[in-house]
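A quick write-up on the structure given underneath.
Nothing in this text is a laboratory measurement; each read-out follows from the coordinates by a stated rule. Just so we're clear, the structure is a prediction, and the values are computed from it rather than from any experiment. Positions of Cβ are backbone-derived with ideal geometry, glycine not excepted, and every protein chain shown enters the neighbour counts.
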Amino acid sequence: MNSLALVFPGQGSQFVGMGKELADAFPEARETFHEADDILGTRLSDLCFQGPAEVLTDTINAQPALLVTSMAVLRVIDGQGIPLPEPKFVAGHSMGEYTALVRAGSLSFSDGLKLVRERGRQMKLAGETNPGGMAAVIALDEEKLEEICRTASEETGRPVQIANYNCPGQLVISGDKSALEKAMQLAREAGAKRVIPLAVSIAAHSPLMLSAASGLAKAIEATEIGRAQIPVVANVSAQPITDPEEIQQELISQLTASVRWTESVRLMIDQGVDTFVEIGAGNVLSGLIRRIDRKVKTLSVGDPKGIEKLAELVRN
């Protein structure tokens with residue numbers, strides 16, 4: 001491993017049982033979940049370990065659950081004395097950007113947890129006020145889909161845009177239901193291999209989240225944000241940021257802006273990163289990164305087996 005980046009999953013990676021094996025095996029993980037329960041005043045650990053799935057999946061719960069699971073992994077790595085090299089970059093997908101900022105020293109664990117809880121609350125409120133939807137579009141050119149979204153918005157007078165540039169051939173669109181349906185129809189007609197509606201009522205990373213961004217901005221502005229000790233590759237610009245004011249603006253803007261994950265990963269690779277370690281629940285990001293560039297190494301670390309593999313990777 002010549003140069004390392006740590007990446008942190010966002011909403012969609014959660015599952016019932018996340019973090020349980022880790023907490024059973026390592027005191028550092030147990031203590032992290034207990035600390036999160038105390039900070040939020042709720043048994044988030046029970047929700048992570050036992051569900052039910054529909055409650056864990058609720059955006060107000062999924063976001064802090066994902067952050068605490070990733071932090072539990074990081075603390076186990078430290079507590080077990082695994083000599084992980086200092087990462088060249090950190091990055092998170094959507095909500096995962098908050099976890100990246102905690103790892104970079106810009107946010108405290110407590111503040112990060114409170115902010116993602118508020119982020120989830122504001123997004124849920126915005127979804128109730130301005131319901132929308134999202135859909136995955138498989139195997140359609142980015143520029144073509146951008147054009148389709150513009151056309152659908154013009155024809156319906158309602159917003160729809162690309163929410164996630166996940167990897168070549170996998171894009172997610174988001175917006176008002178009428179505009180989304182039109183864009184889905186046009187994408188199929190343009191030759192998309194698959195167009196899959198997602199089981200959400202929230203149009204994340206679209207203009208329908210404007211009220212959430214406004215509400216969240218108050219919480220962000222009241223939170224102490226320090227200079228990032230490791231460059232954080234931002235979702236909105238796909239460029240590294242460290243300055244507290246830039247970070248503050250990034251967190252407000254990313255609710256309504258697209259997640260430029262493909263560009264973010266390519267930037268890190270162009271800067272010499274050859275190994276990506278995904279910290280937390282699931283392995284979604286590792287799969288996306290491999291589709292962006294098959295030459296880089298990826299490893300997902302979210303349970304005791306992942307910890308063992310990481311220790312082996314570092315040794316070799």
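For segment 1-159, what mean projected area does the convex hull of the alpha carbons give, in nm²?
Computed as one quarter of the Cα hull surface, the answer is 12.0 nm².
Over segment 35-116, calculate the relative contact order: mean separation of alpha carbon pairs under 8 Å at least 6 apart, over the residue count, as a percent.
Details: 57 pairs, mean separation 26.2, N = 82.
Averaging sequence separation for qualifying contacts and normalising by length gives 32 percent for segment 35-116.
Select from M71, L101, S45 the residue farthest towards the positive end of the dipole of segment 1-107; place +1 on Cβ of Lys and Arg, -1 on Cβ of Asp and Glu, and compute about the Cα centre.
About the Cα centre, the residue reaching furthest to the positive side is L101.
Enumerate the calculated ³J(HN,Hα) couplings along segment 67-84 in order (Karplus 6.51 cos²θ - 1.76 cosθ + 1.60, θ = phi - 60°), each rounded to whole Hz, writing x wherever the residue is Gly or Pro.
Values, residue by residue: 5, 5, 5, 5, 5, 4, 4, 4, 6, 5, 4, 5, x, 8, x, 6, x, 5 Hz.
Explain nothing, just compute: Karplus ³J(HN,Hα) = 6.51 cos²θ - 1.76 cosθ + 1.60, θ = phi - 60°, for every residue of segment 245-258 in order, whole Hz, x for Gly and Pro.
Once θ is set to phi - 60°, the couplings for segment 245-258 become 5, 4, 5, 4, 5, 4, 5, 6, 5, 5, 5, 10, 9, 6 Hz.
Work out the charge dipole of segment 132-200 with +1 on the Cβ of Lys and Arg and -1 on the Cβ of Asp and Glu about the Cα centre, then indicate which of G175, A135, A152 is farthest towards its positive end.
A135
Could the peptides 46-54, 180-188 be put in order, highest first, of the mean number of other beta-carbon atoms found within 10 Å of their residues?
Values: 46-54: 15.2, 180-188: 20.4.
So the order, starting with the most tightly packed, is 180-188, 46-54.
Which whole-number percent is the relative contact order of segment 132-200 (Cα, under 8 Å, 6+ apart)? Don't skip to the answer; put the middle values down first.
Numbers: 137 pairs, mean separation 32.6, N = 69.
Answer for segment 132-200 is 47 percent.
Starting with the fewest neighbours, write out K309, K295, K88, K193 ranked by other beta-carbon atoms found within 10 Å of each beta-carbon.
Numbers: K309 15, K295 7, K88 19, K193 11.
By the 10 Å Cβ count, ascending: K295, K193, K309, K88.
With a 10 Å Cβ neighbour count serving as the proxy for reagent exposure, in which order, fewest first, do D38, D176 appear?
Values: D38 11, D176 24.
Listing D38, D176 from fewest to most nearby Cβ atoms yields D38, D176.
Any chance you could check the Cα centroid distance between segment 81-95 and segment 148-175 for me, in angstrom?
Here the two parts' Cα centres lie 31 Å apart.
How would you rank 67-80, 134-147, 116-129, highest first, on the average number of other Cβ atoms within 10 Å across their residues? Kindly include the intermediate steps, with their values, before the conclusion.
Details: 67-80: 23.9, 134-147: 16.9, 116-129: 20.4.
Top to bottom by mean Cβ count within 10 Å: 67-80, 116-129, 134-147.
Of S206, A187, G12, which is farthest on the positive side of the dipole of the chain, counting Cα position, with +1 on Lys and Arg Cβ, -1 on Asp and Glu Cβ, and the Cα centre as origin?
It is A187, whose Cα lies furthest towards the positive end.
Does segment 215-316 classify as rounded, prolate or oblate by the C-alpha gyration tensor (a ≥ b ≥ c root eigenvalues; a/c under 1.5 gives rounded; else a/b over b/c gives prolate, otherwise oblate)?
Details: a/c = 2.07, a/b = 1.70, b/c = 1.22.
Here segment 215-316 falls in the prolate category.
Rank G133, G92, G157 by mean-square fluctuation in a GNM of the chain with C-alpha springs under 10 angstrom and give only the top-ranked residue.
Among G133, G92, G157, the largest mean-square fluctuation in the Gaussian network model of the chain belongs to G157.
Could you order peptides 200-207, 241-248, 108-115 by the average number of other Cβ atoms within 10 Å of their residues, highest first?
Details: 200-207: 23.5, 241-248: 16.1, 108-115: 19.9.
Descending mean neighbour count gives 200-207, 108-115, 241-248.
What is the distance in Å between the Cα centres of segment 13-57 and segment 195-218?
Taking the Cα centre of each part, segment 13-57 and segment 195-218 sit 25 Å apart.
For the chain, what is the charge dipole size about the Cα centre, in debye to the nearest 20, if Lys and Arg each add +1 at the Cβ and Asp and Glu each add -1 at the Cβ?
640 debye
Bin all alpha-carbon pair distances of segment 132-200 at 5 Å intervals from 0 and give each bin's fraction as a whole percent.
4, 22, 36, 26, 12, 1
As a footprinting exposure proxy, order I269, I173 by other Cβ within 10 Å, with the fewest listed first. All intermediate terms of the calculation are to be shown ahead of the outcome.
On the way: I269 18, I173 30.
Going from least to most buried by this count: I269, I173.
Using only the alpha carbons of the chain, determine the length spanned along each of the three principal axes and report them from longest to shortest in whole angstroms.
58, 44, 37
Restricting to DSSP H runs of at least four residues, report the calculated mean residue ellipticity at 222 nm for the chain, -39500 (n - 2.57) per run over all residues, nearest 500 deg cm²/dmol.
Numbers: 14 runs with 163 residues, N = 316.
The per-residue figure over the chain is -16000 deg cm²/dmol.
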